[in-house]
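Novice: This is the structure I want to talk about, given as structure tokens.
The values are calculated or read from the model by the stated rules, or taken from the named source; none is laboratory data. From a predicted model like this one, the values you see are computed outputs, not experimental measurements. Ideal geometry is used to build each Cβ from the backbone, glycine not excepted, and the neighbour counts take in all protein chains shown. These accessible areas exclude ligands, DNA and RNA; they are computed on the full protein's heavy atoms, side chains included. Shrake-Rupley method; radii C 1.70, N 1.55, O 1.52, S 1.80 Å.
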Amino acid sequence: MSAPTAQNAGKTTTTEKAASADSARASLEALRSEIAKAVVGQDPAVTGLVVALLCHGHVLLEGVPGVAKTLLVRALAASLELDTKRVQFTPDLMPSDITGSLVYDARTAEFSFQPGPVFTNLLLADEINRTPPKTQSSLLEAMEERQVTVDGTARPLPDPFLVAATQNPVEYEGTYPLPEAQLDRFLLKLTVPLPSREDEIHVLTRHAEGFNPRDLHAAGVRPVAGPADLEAARDAVARTTVSPEIAGYVVDICRTTRQSPSLAFGVSPRGATALLSTARAWAWLTGRDYVIPDDVKALALPTLRHRVQLRPEAEMEGVTADSVITAILAQVPVPR
């Protein structure tokens, strides 16, 4: 048998990559049904979390208490066979409670680093707006640089690493609103709504049948994907084609937000980059290796809603960030 030529080897490598990407897509698509064993509904939030993982991003989950935000993150971690930790943010929480600190060992007469809960794959930052800005900012380096620096030493975080922060949209007393610079570090802001009547009946039926949200294994949640699938998926997303027309469409949307009379400020270039990234991930998840305008539209609201600020007079008139962005999407010409 003759040895394979370099050209044939290249074709084989390309074929293997395509097969690996297809397998990864199938595994990630199976997440939806696996998470549904524990969480009823909330498909958009599940999709958003997967998109964030593919884009190396972080997610802000907003919803009233009791809509399964914590359970959603735990079920995602169990389905992906990833490590997860939860931190309840309170007014007395210190930065070292998140990042870790140096601890003196009397036996060795030396200081050793004790890692904090941030050293995990999926960190659930529960009610992040209940802790002071100093502690909120301790997450900035971890989110942006994917490392923690303690006593001048940088310590890398595991990969994948995702922060899923929750905040309550109705209780503002005793909270510290996230500054714009920190909001901009979140790739997506996902709203977790109350369930429909049918879904809520389904939730109650499950609990009546013995469902225990603290025991996902008993609920039948099993790993259907893993870090290798995520790595293959990320490689495939990075190869997803973006035409100059699509790039221009993203830029036009973001520039229009900066001119809106309802907004005090619009989307920054970082926001435009984020929208392009999430659109590529969504295009790949839906089975295409190129981005179309509908992909941009599908991810525009969760990617941009937290990157704009309403003018006070617009807010008093009942205008919302979502309504402004929706109007802009209808206004900006779609490339053919």
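Novice: Just the accessible area per residue of the range 248-336, please: how many Å² with a 1.4 Å probe?
Specialist: Values: 4320 Å² over 89 residues.
It amounts to 49 Å² per residue over the range 248-336.
Novice: Of the beta bridges DSSP finds with both residues in the chain, what % are antiparallel, to the nearest 5? Mind showing how you got there, number by number?
Specialist: On the way: 12 of 30 bridges.
Once the DSSP bridges in the chain are tallied, antiparallel ones form about 40 percent.
Novice: Would you please put 275-287, 136-148 in order of how densely packed they are, using the mean number of other Cβ atoms within 10 angstrom per residue and starting with the highest?
Specialist: Put in order of decreasing packing, that is 275-287, 136-148.
Novice: Excluding ligands, DNA and RNA, what is the solvent-accessible area per residue of the range 169-228 at a probe of 1.4 Å, expressed in Å²?
Specialist: Value returned for the range 169-228: 66 Å² of accessible area per residue.
Novice: Sorted by mean Cβ packing within 10 Å, highest first, what order do the peptides 244-252, 224-232 take?
Specialist: 224-232, 244-252
Novice: Please go through the range 24-127 and write out the trypsin sites (Lys or Arg not before Pro) that DSSP classes as loop and that have at most 16 other C-beta atoms within 10 Å.
Specialist: Values: sites: ARG25, ARG32, LYS37, LYS69, ARG74, LYS85, ARG86, ARG107; in loops: LYS37, ARG107.
Answer in residue order: ARG107.
Novice: Of the accessible area of the chain, with the probe set at 1.4 angstrom, what percent is carbon plus sulfur?
Specialist: Working: 9120 of 16800 Å².
C and S fraction of accessible area: 54 percent.
Novice: Separate question: Out of these labelled values of P(r) over Cα pairs in 10 Å bins from 0, in percent, [x] 6, 23, 26, 19, 12, 8, 5, 1, 0; [y] 5, 22, 30, 26, 12, 4, 1, 0; [z] 6, 25, 32, 26, 10, 1, which was calculated from the coordinates shown here?
Specialist: Correct label, based on the coordinates given: [y].
Novice: Quick one: how many lysine pairs does the chain have with C-alpha atoms less than 18 Å apart and a gap of 8 or more or different chains? Give me the count, please.
Specialist: On the way: LYS37/LYS69; LYS69/LYS85; LYS69/LYS189; LYS189/LYS297.
Qualifying lysine pairs in the chain: 4.
Novice: Just for the Cα atoms in the range 256-301, what are the lengths along the principal axes, largest first, rounded to whole Å?
Specialist: Principal axes ranked by extent give 38, 17, 12 Å for the Cα atoms.
Novice: Mind checking the per residue accessible area of the range 14-119 for me, 1.4 Å probe, whole number of Å²?
Specialist: Solvent-accessible surface per residue comes out at 45 Å².
Novice: Here's another thing I want to ask about it. Of VAL46, PRO195, ILE328, which is farthest along the charge dipole of the chain in the positive direction, counting Lys and Arg as +1 and Asp and Glu as -1 at C-beta?
Specialist: Farthest towards the positive end: ILE328.
Novice: Just add up the charged neighbours of ALA272: K/R +1, D/E -1, any other residue whose Cβ is under 14 Å from the Cβ of ALA272.
Specialist: Here the charged neighbours net out to +3.
Novice: Oh, and also: Under a 5 Å amide H to amide H cut-off, with H placed in plane at 1.01 Å, what residues pair with GLY100 once short-range neighbours are removed?
Specialist: Residues meeting the amide H criterion: GLY116.
Novice: So what is the 222 nm mean residue ellipticity for the chain from helices alone, if each DSSP H run of at least 4 adds -39500 (n - 2.57) and you divide by all residues, rounding to the nearest 500 deg cm²/dmol?
Specialist: On the way: 13 runs with 158 residues, N = 336.
Here the helix-only value at 222 nm equals -14500 deg cm²/dmol.
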